[in-house]
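Working notes, structure below.
Laboratory data are not the source of any read-out in this text; all were calculated from the coordinates shown. Since this is a predicted model, take the numbers as computed values, not measurements. As a convention, Cβ positions derive from the backbone with ideal geometry for all residues, glycine included, and neighbour counts pool all protein chains shown.
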Amino acid sequence: MYRAIRIHGYGGPEVLQLETLPTPVPGRGEILIRQEAIGVNYIDIYFRTGLYKVPALPAILGMEGAGIVLAVGADVTDFEPGDRVAYPTSLGGYGECRTIAADRIVPLPPDIPFDVAAGGMQRGLTARMLLREVYAVRPGETILVHAAAGGVGLLMCQWARHLGVRTIGVVSSEEKGELARRNGASDILIGYDNLAARVRKLTDGAMVPVVYDSVGKDTFVASLDCLAPRGLMVSYGNSSGEVAGISVRMLATRGSLYLTRPGLTTYIAQRGALLGGARDVFDLIAQGVLRVHIGQRFALADAGAAQTALETRATTGSTILLP
Ligand code: NDP
C-alpha cells in the first residue's frame, strides 16, 4: 500500500484527500518509482479547480517528481531498478510512489539532488522553452517577465542574465523584487499597474520585443501595451485567471503584434526534445548558472497548504512536497 493525494471532484484545497491505495504494478512500457520529492506547480491548481480537466475522476494530482526506480514493466529497456530518475509533466505525481510511462522520464545525473529536480524540472524546461524556443532572446535585448520571483520567474531571470539579456521583472512586493534582482533581474517593477508607462521610461521609449506573461487575465492588455511594434506577446499561464474576450484587432492597433500561447507538453512531446531539454537544464544547474530556489517544502499530507500558499502569492521560487 502507499499514500497519495487524490481528488474526487473539482474545488478548493479541501478536495485534496490523503488516501491509502494499493501499490500499482507497472504495465507494458511503464516504470514504478519511489518518489523522493514532488513538484507543486501552478498547473496542479488549474487541475484541482477544474479550469483544466483531468482525464477521469478520482485522480491523483501533481505533474512533476524525482525518485528511484522500484520496478519496470514489460518492454522497458532503458531503465532498471535502482536508477535515479525525474519527470516534468505527467499527471499522477502526488504520491509516495507512482507508475509512469518510461518515455516520459529522464535519467537524473548523480550530482542533481532529488529536491532540485522536483523543484526545477518543469520550471527549468519552461524557462528554456520560453527563452530559447518560443522567442530566442539575443544578447543585449530587454525582456519583460511577470511574476519574476516565482518558480518559473527566478529561473527566467537567471537564464536571461546568463544569455546577456536585460530582464525587467514585475513582482508584487519589495521582498520579491529583491529576490528577483539577486537572481539576475536588472530592473524591478513593483505592482502591475501602469506597466506601459513604467516600461517606456525604463526603455527610453523603445518598449520591449517580448513579454512573458504568466499572470493572464489581470495583465493581458497591459502586457500588449508594453510591446514594441511587431513584438511578441507570450501568454503562458493563468495565475490570475484565464484570458477571455480578446479581439484579434487589438494586435493590429498596437503595432502589428504577434501572440502565442505555448504549452510545455507540446515542446517536449518528442522523446529527443525531452531528453535534450532536460540535459540543458541539468547542465546549467551543475554549472551553477541555474540555482533552483526551493522557497517552500511541505509534507505530502499538506498538499492543500502547499497549493494555498502558491495561489495566495505567499511563495517564492519553487514549492515541493516530501513523501
Ligand atoms: P509562480 O511561482 O510564478 O506563482 C504564481 C505567481 O504569480 C505568484 O507568486 C504571483 O507573484 C503571481 N500572480 C500575479 N497575480 C496573481 C494572482 N491573482 N493569483 C496568484 N498569483 C498571481 O508559479 P509557477 O512557477 O508554478 O508557475 C508560473 C506560471 O507559469 C503559472 O501561470 C503557470 O501556469 C505557468 N506555467 C506554464 C507552463 C506552460 O507550459 N505554458 C509550464 C509551467 C508553468 P507576485 O506576487 O510577484 O505577483
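What are the residues in region 112-126 that are surrounded by fewer than 24 Cβ atoms within 10 Å (Cβ to Cβ), hydrophobic (A, V, I, L, M, F, W, C) and in contact with a strand residue (DSSP E or B) (Cβ under 7 Å, 6 or more places away or on another chain), if any?
Of everything in region 112-126, just one residue is surrounded by fewer than 24 Cβ atoms within 10 Å (Cβ to Cβ), hydrophobic (A, V, I, L, M, F, W, C) and in contact with a strand residue (DSSP E or B) (Cβ under 7 Å, 6 or more places away or on another chain), namely Phe114.
Show me the strands (runs of 3 or more DSSP E) entirely contained within region 1-111 in which 3 or more residues are under 22 Å from Ala305 (Cβ atoms) and either in contact with a strand residue (DSSP E or B) (Cβ under 8 Å, 6 or more places away or on another chain) or among the polar types (S, T, N, Q) (or both). If you could, list the steps in order and put the result at the bottom.
Values: elements: 2-7, 17-21, 30-40, 64-72, 84-87, 97-101.
In region 1-111, 2-7, 17-21, 30-40, 64-72 are the strands (runs of 3 or more DSSP E) which contain 3 or more residues that are under 22 Å from Ala305 (Cβ atoms) and either in contact with a strand residue (DSSP E or B) (Cβ under 8 Å, 6 or more places away or on another chain) or among the polar types (S, T, N, Q) (or both).
Does Arg279 satisfy being basic (Lys, Arg), closer than 24 Å to Met129 by Cβ and part of a helix (DSSP H, G or I)?
Working: basic (Lys, Arg): yes; closer than 24 Å to Met129 by Cβ: yes; part of a helix (DSSP H, G or I): yes.
Against the criterion (basic (Lys, Arg), closer than 24 Å to Met129 by Cβ and part of a helix (DSSP H, G or I)), Arg279 qualifies.
Kindly list, by first and then second residue, each pair from a residue in region 129-157 that is touching a residue at least 60 places away in the same chain (Cβ under 8 Å) and more than 9 Å from the ligand (Cβ to nearest atom) to a residue that is of a type in the set (Phe, Trp, Tyr) and in a strand (DSSP E or B), limited to pairs with Cβ atoms under 8 Å and residues at least 6 apart or on different chains.
Partner pairs satisfying both residue conditions: Ile143/Tyr212; Leu144/Tyr212; Val145/Tyr212.
Return yes or no: is Thr265 within 16 Å of the ligand (Cβ to nearest atom), in contact (Cβ under 8 Å) with a residue 60 or more places away in the chain, touching a Gly at 6+ places or on another chain (Cβ under 7 Å) and among the polar types (S, T, N, Q)?
On the way: within 16 Å of the ligand (Cβ to nearest atom): yes; in contact (Cβ under 8 Å) with a residue 60 or more places away in the chain: yes; touching a Gly at 6+ places or on another chain (Cβ under 7 Å): no; among the polar types (S, T, N, Q): yes.
For Thr265, the condition - within 16 Å of the ligand (Cβ to nearest atom), in contact (Cβ under 8 Å) with a residue 60 or more places away in the chain, touching a Gly at 6+ places or on another chain (Cβ under 7 Å) and among the polar types (S, T, N, Q) - is not met.
So that you can scan it fast, the table gives a plain yes or no per residue for (1) within 13 Å of the ligand (Cβ to nearest atom); (2) over 24 Å from Arg138 (Cα atoms); (3) buried (at least 18 other Cβ atoms within 10 Å of the Cβ):
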site	(1), (2), (3)
Trp159	no, no, yes
His162	no, no, no
Thr167	no, no, yes
Val171	yes, no, yes
Arg182	no, no, no
Ser186	no, no, no
Leu189	yes, no, yes
Asn194	no, yes, no
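Being within 27 Å of Tyr46 (Cβ to Cβ) and in a strand (DSSP E or B) is the requirement here; does Met250 meet it? Lay out the reasoning, then the answer.
Details: within 27 Å of Tyr46 (Cβ to Cβ): yes; in a strand (DSSP E or B): no.
Considered against the rule, which asks whether it is within 27 Å of Tyr46 (Cβ to Cβ) and in a strand (DSSP E or B), Met250 comes out as no.
Hey, can you tell me all the residues within region 304-319 that are in contact with a strand residue (DSSP E or B) (Cβ under 7 Å, 6 or more places away or on another chain) and within 14 Å of the ligand (Cβ to nearest atom)?
Applying the first criterion (in contact with a strand residue (DSSP E or B) (Cβ under 7 Å, 6 or more places away or on another chain)) to region 304-319 yields 305-307, 309-310, 315-319.
The answer is Ala306, Gln307, Ala309, Leu310, Thr315, Thr316, Gly317, Ser318, Thr319.
Would you confirm whether any residue within region 127-135 is of a type in the set (D, E, K, R) and part of a strand (DSSP E or B)?
Restricting attention to region 127-135, the residues satisfying the condition of being of a type in the set (D, E, K, R) are 128, 132-133.
Next, only the ones that are part of a strand (DSSP E or B) stay: none.
No, region 127-135 contains no residue that is of a type in the set (D, E, K, R) and part of a strand (DSSP E or B).
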